[in-house]
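The values are calculated or read from the model by the stated rules, or taken from the named source; none is laboratory data. As the structure is a computational prediction, the values presented were derived from the model and not from experiment. Quick reminder, even Gly has a Cβ in these numbers, built from the backbone with ideal geometry, and neighbours come from all protein chains shown. Remember, those area values only see protein heavy atoms, side chains included, never the ligands or the DNA or RNA. Shrake-Rupley method; radii C 1.70, N 1.55, O 1.52, S 1.80 Å.
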Amino acid sequence: MSSKATDTLKNAVAKSFLWGGLSNVVCQLLSVFFGVYLARLLGPEDYGPVGMLAIFNAIASSLQDSGFVSAIANRKKVGHDDYNAVFWFSVITSLVIYALLYAAAPLIAGFFNQPVLLWLARFNFLAFVLNGFGVAASAYLFRELKVKQRSIASVLALLVSGVAGILLAMNGYSYWGISAQAIIYTLVRLVVYWYYTPWHPSFTVRFYPLRYLFAFSHKLLITNIFQRINWNVFSFILGKFYSRADVGNYSKAADWFRMGSDMVNVVVNTVAQPVLARVVEDNERQLRVFRKMMRFTAFVSFPLLAWLSLVSHELIVVVLTDKWEESSRILQIMCLWGAFMPIQSMFTNLLVSRGRTDSFMWCTIVQGSLVLAMLLAMHPLGIKPMLVAYCLFNIAWLFVWCVLVRRDIELTIRMFLMDFVPFLLVTLVSAGIAGYLTRDIGNYVLLLVLRLSIASVLYIILSYLCRFEELREAVEYIFRRKKRD
């Protein structure tokens, strides 16, 4: 690959990471603001019914996407017929899924023994119909690395839906308002996606592109279903065996957990696969690119989630009040796995970029099946033991992912450890010192500020002393951008 092409790819990656990072910060701040306001208006029992539906939302979303976004991104040449086939297939599939879920609503309400879920589920699942109209536009923006445009869509959707959710909650709609907020978010994002997509569907439909797109995506479809089950299995098990308040506490902890982990994970999922696909024909170069992205991911992800775990109790009590105190303990444990989630995303994106969807699928199926069996066996022990086991199991499973990619890019276990262990150690030392120095402070606000300040300053100092290249490059890139501006 020429130096000019290399520079173009580096600039595209840098710009994508910049926009992805900025949008995630803005989105997380908006999510925090609206989430805090809603949590102060509502209680754990109000979030419980919506949390029970999470696993159905996840599975239906996977069926709706059918892996076409990734399939389009990995296809070397894409034309009108490809996008048009994806558009109409997604719309038809969405309508069929909604009809099936509408009919299944009484069964869902009966399974959880929650009559309120009958019409709430039918209303909540309307988001699938809207999502179906956006799959093709999402695939176009994803393939073309239009991270800026996707970021604008997410920010606007959060603003509009957040305001709507608060107004509905203030007028006593509780969980109905939470569901309406999700539907409005989907609608606004859909409109903005199409505004930035120059391609438009036509009524002349040729479904033949689905043949080769399905050849790539059908395994991703199965994989996504098991991934979503793995991510949402807790709300399902808690909804069956625990109270509505327990589901609500877990759902709120999961919201804060996602806000923290998504600051890195969403950027990785947005950028990694298209970038890795561009260098797939050069194994040595792809290994370098992969390890570079892996190190930067660990450099950012570990401290962010460690700091969130460090201040989770103070943060929840100060911001949401003590009625949500139980969710802070759940959040503290969840952050353990959240720090490693983007690393798993790096592995999965690499496998997809190389067309190894079969390995991706079977590894995810085995992982998800073992997790489900483990949690079902452990549910009498309580929520926290289940969470600890869940986190430790998924972290250990990273080594299975490492073995899977080794035959393609010769990534050894030693390389893998070298790419994240130094950042993990520096994170643990900085967080540990911050926790020890502030252990006797009783004021929660002061404790929150001091722990974050000390931990972040120590992390930067230790990163500098350890000569982490990622710190130097991040600083240089930020100052270079300022000079250009």
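A few points about this structure:
- FRET efficiency for Val421 and Arg211, using Cβ-Cβ distance with R0 set to 41 Å, rounded to 0.05: 0.35
- Residues in the range 221-263 average 33 Å² of solvent-accessible surface per residue, probe 1.4 Å, ligands and nucleic acids excluded.
- Within the shell defined by Cβ-Cβ distances under 13 Å, the residues around Ile343 carry a net charge of +1, with Lys and Arg each +1 and Asp and Glu each -1.
- For Phe125, residues with placed amide H under 5 Å, excluding near neighbours: none
- Highest average first, the peptides 195-203, 255-263, 243-251 ordered by how many other beta carbon atoms sit within 10 Å of their residues are 243-251, 255-263, 195-203.
- Listed residue (Trp256, Leu101, Ser453) projecting farthest to the positive dipole end of the chain, Cβ model: Ser453
- Whole-Hz Karplus values for the range 383-393 come out as 5, 5, x, 5, 5, 4, 4, 4, 5, 5, 5 Hz, taken residue by residue from phi with 6.51 cos²θ - 1.76 cosθ + 1.60 and θ = phi - 60°; glycine and proline positions read x.
- Ordering Ala182, Val247, Trp397 by the projection of their Cα atoms onto the charge dipole of the chain, which places +1 on the Cβ of Lys and Arg and -1 on the Cβ of Asp and Glu, puts Trp397 at the extreme positive end.
- Across the range 326-340, rounded Karplus estimates of 3J(HN,Hα) from the backbone phi angles (6.51 cos²θ - 1.76 cosθ + 1.60, θ = phi - 60°) give 4, 5, 5, 5, 5, 4, 4, 6, 4, 4, 4, 7, x, 5, 9 Hz, Gly and Pro being marked x.
- Sorting 48-55, 426-433, 392-399, 83-90 by average packing, meaning the other beta carbons within 10 Å per residue, from highest down gives 48-55, 83-90, 426-433, 392-399.
- By accessible area with a 1.4 Å probe, ligands and nucleic acids excluded, highest first: order of Glu45, Glu314: Glu45, Glu314
- Percent accessible area from carbon and sulfur atoms, the range 97-235, protein chains only, probe 1.4 Å: 67 percent
- The range 355-485, dipole about Cα centre (Lys/Arg Cβ +1, Asp/Glu Cβ -1), debye to the nearest 20: 300 debye
- A simple charge model with +1 on the Cβ of Lys and Arg, -1 on the Cβ of Asp and Glu and nothing else charged puts the dipole of the chain at about 1180 debye relative to its Cα centre.
- Using the 1.4 Å probe convention, the accessible area of the range 280-412 works out to 36 Å² per residue with neighbouring protein chains retained.
- Taking all protein chains together and a 1.4 Å probe, the residues Thr297, Thr204 rank Thr204, Thr297 from largest to smallest accessible area.
- Straight-line cross-link reach from Lys77 at under 18 Å between alpha-carbon atoms covers these aspartates and glutamates, not counting any fewer than eight positions away in the same chain: Glu144, Glu281.
- Inter-part distance, the range 340-354 to the range 296-335, computed on C-alpha centroids, equals 25 Å.
- Cα lying deepest toward the dipole's positive end in the chain, options Gly165, Pro422, Phe112, charges on Cβ: Pro422
- Integer Hz, Karplus 6.51/-1.76/1.60 couplings in order for the range 245-252, x for Gly and Pro: 5, 4, 4, x, 5, 5, 4, 5
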